[in-house]
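Reading through the structure tokens given below for one structure.
The values are calculated or read from the model by the stated rules, or taken from the named source; none is laboratory data. No experiment lies behind these values; they were computed from the predicted model shown. We place every Cβ from the backbone using ideal geometry, glycine too, and count neighbours over all the protein chains shown. For the accessible areas, the whole protein counts, side chains as well, though only heavy atoms, and no ligand, DNA or RNA atoms are used. Shrake-Rupley method; radii C 1.70, N 1.55, O 1.52, S 1.80 Å.
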Amino acid sequence: MTDSSRAGIFSRVRQASAGADSAEIAAQLRSLGRAPAAALPCADLYTSFLINVLKNHGTADLASNRSEAVTATSKYIYQHYNTHRLVAGNDPRLAAMPWREAGVLPRFGALEPGEPVSLSYARLAVAELGAVVTFTGKANPAANNLLAENHIVMVDCMDLVVDMEAAWERIRQITDQEQRPRGVNFIAGPSSTADIEGKQIYGAHGPRQWHVILLGDVPATALQEARSIAAP
Amino acid sequence: MEQHSDTFLENASKALGNKAQADIRDLLGLFTPLLRNAAVDNFEHFEALRHHVKRVRQHSLDNLDHYLATYEQQALKNGNRVHFANSGDDLNSIVLDICQQHNAQRIAKGKSMITEETGLNDFLQRANLDVMETDLGEYIIQQAGETPSHIVGPALHKSADEVRQLFLQKHDLGERELDNTEDIVGEARQILREHFLKAQVGIIGANALVAEDGYSMLVTNEGNGDLCANLPPVLIICTSVERILPRAEDATAMLRLLVRSATGQSQTCYTSFYSGPRREQDVDGPLETHIVLLDNRRTEILASDYREMLQCIRCGACLNHCPIYNSVGGHAYGSVYMGPMGSVLTPLLSSLEESNALPNACTSCGRCAEVCPAEIPLPDLLRDLRHQETVEKITAPRWRIGLKLHTWLARNPRLYHWLTGVGIHLLHLAGRKRGSFRKLPLAGGWTSQRDFPTPQGKTFMQQYRAQRKQS
Ligand code: SF4
């Protein structure tokens, strides 16, 4: 059935198409230019990203190096779950973290039912959306993004880009070197639903809380400013 | 879903009689446009974005042969199996075949308009498969045995209390009362989590397909689509041929329009691009992925004057802004597609005979075209369908005679003005004492809901001329 359907569909589509060749089509597409993106909420890229993370009902923290990132993670999970355990994907960047310094006990692999906290190391972040971008795969199993109660995501400030067009440019640079990722996930907040009377509820299926740690040389004032701007 | 657009007028009358439901619709009709407008106003270059995406979509449709072939090639390269379905029945059979090949019993389904269109759930359930909708809104209506009332918020016609009652009836809750919306959502989360973990097949739709890399994009706030796509060992993506866009950035540009127009958000929680099955070192993800591309008359629409309708991004803004949709609600349309977009699409996907009332469910107010992010001239397309109805003699004879008479009169303005003048004068004489009419011949529908005020005696043109003479 699918073969004859395929032939029929292709033939009807061909009849209704312009019949241009690939080079013409590529030139036409290029001539359409670039889509306008949403304006950032302020002039600074870091602050803009943090504002949007907070507006997306996320929480955020800064860490200037890996030790600080580990300490920030440790404090956060202890405060929320009274534990030092978490699950992280087999990401070499996460494996190289000085976990013992802060007493964190990571388990590397996919989250199992009953484990509340997962940690991902995002490949990119997008200021326009206040989103982190993870690639599904060994370094970041899908379950870790989706099944935890609380999803913590670290991202390097060098990997923060302004908008989605810039994100795709970076993803293309990555896929020139690596295999095309199985999944590219833009995550912008905890799981939510407004399906009952339009009321926004968090933790519909996936994480109820979403915490972003921005790593690198980011002035502490960026987070303070973001909090003051994003505060309702 | 089973279509019953042929009874639109009866469905609409029934809906108008349900006061509680009408109140919910009034409220939604007020606040959904406000959310959309605020989000659009916040985006500085919304018009430029709208225009850009329209041109990209037009370009994609103009060159669909090229992009469809490229998409197929890339999707295959990513390790997917690609199927083509001429009709809804074909799609249903392909999906059932895949499920049966894997001896699958439990199916977890994400929100998908295409599978609503083909009636996949019923089809699979008739083959004794346990199909569970996992989008909260879809889950609620599935439990209630209803159909969606809105393309974005399928259960928005239900109050929180109705959902609570439904869960009390259907779920084993023990002592739990589900006193608030958080508890209701928590209950669904628990039930559906179990289903996700045990499902053997996940079925989702796609908001866009990307030709350059064979990815499919899915946008959700709940994350249920991602769970369907990643937890079960087999994934089936059911979508249609016109969803193809050239590049990934075209899909995310469209997303900017979609989220603002649909829910007034500036982004959704999860925007995911799937390439194919799990890789050797992956610890989770589907072992097998299938993409089923549905035509169901879309290639006919592509070759017709209604081609622009294929640019619809299913945002629901035209529904939220439509006075008819807000009065009668989504169920009255008797189709998976409703409101202005449904009134165009349903006749094109089924037949004009079956759904001839839908193109007439329009006041020509133009709000839908104003807000449509895909710049689809919906009122024009509806008018063209009405014209086609008249040409094909589908319109009821009395309407056709009436229209003919009106056309003839409009071409004879003197006679027209004289006749309307006489009519207004007679109405004035007849109703002057009471001030209004309870009943009027040929206007029974109008007077069934309210009285008709007695005209003051002169037509607009008569008054206009008199005033001009005076000045
Ligand atoms: S017709 Fe336009 S407004 Fe209506 S759902 Fe489609 S894209 Fe949205």
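Values computed for the structure shown
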| quantity | calculated |
| --- | --- |
| The stretch B:311-324 residues that are of a type in the set (Gly, Ala, Ser), paired with ones that are in a loop (DSSP other than H, G, I, E, B) (beta carbon under 8 Å, 6 or more apart) | B:Gly316/B:His150; B:Gly316/B:Ile151; B:Gly316/B:Val152; B:Gly316/B:Gly153; B:Ala317/B:Cys372; B:Ala317/B:Pro373 |
| Which listed residue is basic (Lys, Arg), away from chain B (no Cβ under 11 Å) and crowded, with 21+ Cβ neighbours inside 10 Å, from A:Arg123, A:Arg85, A:Arg66, A:Arg93 | A:Arg123 |
| Test: residue in the stretch B:344-358 that is more than 14 Å from chain A (Cβ to nearest Cβ) and near the ligand (Cβ under 10 Å from one of its atoms) | yes |
| Residue check for A:Glu149: within 13 Å of chain B (Cβ to nearest Cβ) and not hydrophobic (A, V, I, L, M, F, W, C) | yes |
| Top-ranked residue in the stretch B:382-418 [being among the hydrophobic types (A, V, I, L, M, F, W, C) and within 16 Å of the ligand (Cβ to nearest atom); ranked as nearest to the other protein chains (Cβ to nearest Cβ)] | B:Leu385 |
| Every pair of residues 6+ apart whose Cβ atoms lie under 8 Å, when the first sits in the stretch A:185-203 and is more than 12 Å from B:Ala188 (Cβ to Cβ) and open to solvent by 10 Å² or more (accessible area, probe 1.4 Å) while the second is basic (Lys, Arg) and in a loop (DSSP other than H, G, I, E, B) | A:Tyr202/A:Arg208 |
| Residue check, B:Ala69 out of contact with any Asp or Glu (no Cβ under 9 Å at 6 or more places or on another chain) and at pLDDT 95 or above | yes |
| The lone exception for A:Pro106 - which of (1) part of a strand (DSSP E or B); (2) of a type outside the set (Phe, Trp, Tyr); (3) open to solvent by less than 20 Å² (accessible area, probe 1.4 Å) it fails | (3) |
| Considering residues of the stretch B:15-65 that are more than 23 Å from the chain's Cα centre (by Cα), facing chain A (nearest Cβ under 10 Å) and without any contact (Cβ under 8 Å) to a residue 12 or more places away in the chain only, the residue least open to solvent (accessible area, probe 1.4 Å) | B:Asn63 |
| Residue among B:Pro373, B:Pro379 that alone is surrounded by 13 or more Cβ atoms within 10 Å (Cβ to Cβ), within 16 Å of the ligand (Cβ to nearest atom), within 25 Å of the chain's Cα centre (by Cα) and within 14 Å of chain A (Cβ to nearest Cβ) | B:Pro373 |
| Residue check, B:Leu293 within 16 Å of the ligand (Cβ to nearest atom) and touching a residue at least 60 places away in the same chain (Cβ under 8 Å) | no |
| Residue that is farthest from the other protein chains (Cβ to nearest Cβ), among those in the stretch A:204-232 that are surrounded by 22 or more Cβ atoms within 10 Å (Cβ to Cβ) and assigned to a helix (DSSP H, G or I) | A:Ala222 |
